[in-house]
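A.B. asks: Here it is, the structure, as structure tokens.
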Amino acid sequence: MTSVKAWSLLLLPFSLVSMGKAECPVPSMNGKFVLSLESILKNSFADDSEALLECAKGYERDKGPTSITCVNGVWSEVKLICKKVDCGQPKPSPHMTYSIRDGTLFGAYIQPVCETGYDLEGSSHRQCLVSGWSGKAECILSECDFPDPIEHGERFGPENPVFNDVITYSCNDKYTLVGNSSITCGEYGEYSSPPPICIVMTTPTEASTTTNKATTTDTTTVSTRSHGEEEILEKIIIITLTKASTTTNKATTTDMTTASNRSHGRIVEKPTNGSSSIVGIFAGIVVIFAGIVVICILGIVVVVVAVVIWKYLKQRGSYDTGEELRAKEDLLLIQSV
């Protein structure tokens with residue numbers, strides 16, 4: 001019994017020393033550092049134990065130890081240095097450049113830009129992630145739809161036109177091409193100009209022998225075309241008539257007059273000789289009627305003036321007659337005396 005008490009007294013100092021060593025709490029990391037999975041699974045950290053650290057997502061180790069130590073219930077200073085992941089310059093892609101405004105570190109965005117005549121396919125923006133740049137992008141040639149065929153003509157060019165490809169046109173015999181003989185596929189999938197059209201054109205010799213009636217018929221037929229073609233057709237008619245003027249002045253005068261009478265897509269015919277005579281007769285009747293009205297008005301004015309003058313003279317005559325009568329009476333009175 002005495003020996004047991006003696007051993008207890010001997011072990012007491014050691015138990016007091018062991019009880020004086022405090023444990024450390026689970027370390028809390030913020031920002032660039034996190035605990036390793038092994039350290040997260042521990043429930044307690046005894047004195048002199050270590051906790052392992054790692055760089056947070058988007059960061060990588062630059063230098064310094066990756067652990068901290070528990071000393072008397074307090075964790076030692078973190079000396080690990082982490083820096084942001086740098087994705088670097090993106091891999092080059094044909095006909096593509098990148099707009100880099102925020103750098104190439106973790107979280108930054110870049111924008112791919114295609115050369116003229118190329119369309120972007122894929123991501124319009126790419127972000128720097130832990131695994132590298134997100135998304136994919138490439139530049140492909142702009143495409144144009146193959147234009148519709150034209151009447152009385154042919155087209156030549158690739159079936160699947162791309163940027164800068166040219167489509168050419170030609171007209172059948174006895175037809176003339178109006179517009180551009182070739183159109184080019186543009187950078188936005190549109191052609192440089194509308195397709196041309198093919199119309200019948202008379203030669204200067206034919207135009208000089210064409211009568212007024214034939215010219216009117218041709219222009220009336222042309223005027224039935226769509227509004228989109230009308231302006232072009234008018235120019236062609238004027239050009240044709242101008243050429244025809246070198247053959248005969250009479251044909252030029254008639255055709256140019258017909259072309260100038262266009263209004264809102266219609267042909268306005270010049271009045272014929274019969275219509276001119278009717279207009280002349282009507283104008284003559286109007287003039288005669290106006291003359292009669294003027295003569296009547298003048299007659300009325302003359303009558304009124306004559307009446308006024310007659311009344312005035314009558315009154316004056318009455319006054320003169322009375323004065324002479326009194327003079328005669330005075331003379332007789334003097335003679336009697």
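The values are calculated or read from the model by the stated rules, or taken from the named source; none is laboratory data. The shown structure was predicted, so the numbers you read here are calculated from the model rather than taken from an experiment. Note that we place each Cβ from the backbone using ideal geometry, even for glycine, and neighbour counts take in every protein chain shown.
A.B. asks: For R155, all conditions in the list (1) charged (D, E, K, R); (2) within 30 Å of P90 (Cβ to Cβ); (3) surrounded by 15 or more Cβ atoms within 10 Å (Cβ to Cβ); (4) over 27 Å from the mean Cα position of the chain (by Cα) hold save one; what is the number of the exception?
C.D. replies: Result: R155 passes all but (2).
A.B. asks: Mind listing whichever residues of region 53-92 are more than 30 Å from V113 (Cα to Cα) and part of a loop (DSSP other than H, G, I, E, B)?
C.D. replies: A56, G64, P65, T66, N72, G73, S76, E77, V78, K79, L80
A.B. asks: So which residues in region 139-152 are in contact with a strand residue (DSSP E or B) (Cβ under 7 Å, 6 or more places away or on another chain) and either farther than 16 Å from Y191 by Cβ or exposed (fewer than 14 other Cβ atoms within 10 Å of the Cβ) (or both)?
C.D. replies: C139, I140, P149, E151, H152
Yes or no, residue by residue, for (1) in contact (Cβ under 8 Å) with a residue 24 or more places away in the chain; (2) outside the structural domain of A46 (by TED's automatic domain parsing):
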position: G73; (1), (2): yes, no
position: K79; (1), (2): no, no
position: Q89; (1), (2): no, yes
position: I100; (1), (2): no, yes
position: T104; (1), (2): yes, yes
